[in-house]
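Enquirer: Once you've had a glance at the structure underneath, I'll fire off some questions.
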Amino acid sequence: MTFSRWSNVLRRVTTAGPYVDERQSTIVLTLVVLAGIGAVGYADKSAASLSLAPLYFLPLALSALVHPLRLSLALSVLCVGLHNLLSPAGDTGVGHLVREAATLLGYFFVVVVVNQLGGQRKRLAELTVRQRDELAEEIRLAAEVQQNILPRSIPTVAGFEFAARMYPAKIVAGDYYGFLELADGEIGLVIADVSGKGVAAGLLMPCIEVALRMDAPRFPRTNDLLENFNDVVHQIACGDRFISLFYGKLSTRTRSVEYTNGGHNPPLVIRGGCDPIPLDKGGPVLGVLPGSVYESAKIDLYSGDVLVLFTDGVVEAQNPAGEEYSVKRLARIVSSNLQQNPGELVERIHASVIEFQGTSLLADDLTLVVLKIL
């Protein structure tokens, strides 16, 4: 065994943590027990008038944690024998035998009690591991269900190119994006972000999917849909959580987007030679204020335009100095890569965020939807 592996075993022994290699750890602990018994025996021999028999409790208790009960009981008998052999000669009468018997019974009691505690600790550790594995499996299944909720295909429409990708910060994400098929060849564009992260946030994602698919065809105007959805979210979340959501209806016939922004990061229309156009008309985040009023707006799109929908995991990503990625940096990346197709743009933006952060670990879910007008 290499020095580093021995060091790892010793570190785990001293911290009483779980052992990567149980056999190696048992060997180390056995050596510690034997060394402890030897040290007590040596001190017992050196003591002139003081009995050090109680000190054997320490190595025996350690032995009871890692060895079978029978072995620890045998070591108890050995410790009594060593004490008799090494301690200064004294009374050998009935009183001496009674004391030795009491000492042995004390050893047995400590060994049995510690052995039972060690067994209980092992059972609790096994239970903890089993529950952890079950929870991990449940989270994995939740993530799988969540991935199935997201669009499995990207719309294919002449004159338009789409791309979308969600990069979760944890196994289960709180972001959502979707494409809804509407009447007259219109396409609903949705991007949303549930407050918080992980499973708690991810549980609201199916609500977004179901409610939008059921209600979008019933509400011809985007603001009417969000006003209704706002009340639905408030009823479900009871005001404890909220959703920022952007909903736009793309008309492939007129090449325009009618939209309502419910407190979400304003998507950007990037047009060559012009400043980015934020799509910010709408109202507050969903689920906080029932009865909120939302407004809608419309924007015409032209050949070469790129519409970028994103969550705050993009623009609020921070570098080691605490500086945020920012909307300005996002717009600059898109403007300098307008010749790329939407799929390439998504990858380029993601790579730019990772490079900016200096790490591939995300602090928040990162979701992008890109539409390019041909």
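Enquirer: Restricting to region 271-315, name every residue that is among the charged types (D, E, K, R) and open to solvent by less than 20 Å² (accessible area, probe 1.4 Å). So that I can check it myself, show each step before the final result.
Expert: Step one: filter region 271-315 for residues among the charged types (D, E, K, R), giving 271, 275, 280-281, 295, 298, 300, 305, 312.
Within region 271-315, just 305 meets the criteria.
Enquirer: If you don't mind, another one. With the requirement that a residue be assigned to a loop (DSSP other than H, G, I, E, B), surrounded by fewer than 17 Cβ atoms within 10 Å (Cβ to Cβ) and under 44 Å from the mean Cα position of the chain (by Cα), what does region 28-74 give you?
Expert: The initial filter retains those residues of region 28-74 that are assigned to a loop (DSSP other than H, G, I, E, B), namely 47-52, 67-68.
Those still in the list that are surrounded by fewer than 17 Cβ atoms within 10 Å (Cβ to Cβ) too: 47-51, 68.
Listed by number, the list holds a single entry, 68.
Enquirer: Quick one: would you say residue 22 is at pLDDT 70 or above and acidic (Asp, Glu)?
Expert: no
Enquirer: Further question: If residue 347 passes every condition in (1) over 24 Å from residue 271 (Cβ atoms); (2) open to solvent by 70 Å² or more (accessible area, probe 1.4 Å); (3) assigned to a helix (DSSP H, G or I) but one, which one does it miss?
Expert: Among (1) over 24 Å from residue 271 (Cβ atoms); (2) open to solvent by 70 Å² or more (accessible area, probe 1.4 Å); (3) assigned to a helix (DSSP H, G or I), residue 347 violates only (1).
Enquirer: Still on this structure, I have one more. Looking at region 276-287, can you tell me whether even one residue there is outside any strand (DSSP E or B), within 28 Å of residue 231 (Cβ to Cβ) and basic (Lys, Arg)? Full working, then the answer.
Expert: First pass over region 276-287, keeping only residues outside any strand (DSSP E or B): 276, 279-281, 284-285, 287.
Next cut, within 28 Å of residue 231 (Cβ to Cβ) only: 279-281, 284-285, 287.
Keeping just the survivors that are basic (Lys, Arg) gives 281.
Yes: one or more hits.
Enquirer: Which condition from (1) without any contact (Cβ under 8 Å) to a residue 60 or more places away in the chain; (2) surrounded by 16 or more Cβ atoms within 10 Å (Cβ to Cβ) is the one that residue 322 breaks?
Expert: Condition not satisfied by residue 322: (2).
Enquirer: Right, something else. For region 240-259, enumerate the residues that are among the β-branched types (Val, Ile, Thr) and surrounded by 15 or more Cβ atoms within 10 Å (Cβ to Cβ).
Expert: Just the residues of region 240-259 that are among the β-branched types (Val, Ile, Thr), to begin with: 243, 252, 254, 257.
Those that are among the β-branched types (Val, Ile, Thr) and surrounded by 15 or more Cβ atoms within 10 Å (Cβ to Cβ): 243, 252, 257.
Enquirer: Give the residue that is farthest from residue 29 (Cα to Cα), with candidates limited to residues of region 83-124 that are surrounded by 14 or more Cβ atoms within 10 Å (Cβ to Cβ) and at pLDDT 80 or above.
Expert: Per the criteria, the residue is 106.
Enquirer: Keeping to region 326-342, report how many residues are over 18 Å from residue 357 (Cβ atoms), open to solvent by less than 30 Å² (accessible area, probe 1.4 Å) and part of a helix (DSSP H, G or I). Explain how you work it out, then say what you get.
Expert: The first filter runs over region 326-342 and keeps only residues over 18 Å from residue 357 (Cβ atoms), leaving 331, 334-342.
Next, only the ones that are open to solvent by less than 30 Å² (accessible area, probe 1.4 Å) stay: 331, 334, 337, 342.
Okay, now just the ones that are also part of a helix (DSSP H, G or I), so 331, 334, 342.
Of the residues in region 326-342, 3 are over 18 Å from residue 357 (Cβ atoms), open to solvent by less than 30 Å² (accessible area, probe 1.4 Å) and part of a helix (DSSP H, G or I).
Enquirer: Going through region 159-207 one residue at a time, which ones are hydrophobic (A, V, I, L, M, F, W, C), modelled with pLDDT under 75 and either open to solvent by less than 30 Å² (accessible area, probe 1.4 Å) or within 27 Å of residue 252 (Cβ to Cβ) (or both)?
Expert: Looking only at region 159-207, we keep the residues that are hydrophobic (A, V, I, L, M, F, W, C), and these are 160, 162-164, 166, 169, 171-173, 179-180, 182-183, 187, 189-192, 194, 199-201, 203-205, 207.
Within this subset, residues satisfying the condition of being modelled with pLDDT under 75 are 171-173, 199-201, 203-205, 207.
Residues satisfying the conditions are 172, 173, 201, 204, 205.
The values are calculated or read from the model by the stated rules, or taken from the named source; none is laboratory data. Just so it is clear, the structure is predicted and the values come from calculations on it, not from any experiment. In this analysis, Cβ positions are derived from the backbone assuming ideal geometry, glycine residues included, and neighbour counts consider all displayed protein chains. Accessible surface is based on the protein model in full, side chains and every heavy atom, while ligands, DNA and RNA are left aside. Shrake-Rupley method; radii C 1.70, N 1.55, O 1.52, S 1.80 Å.
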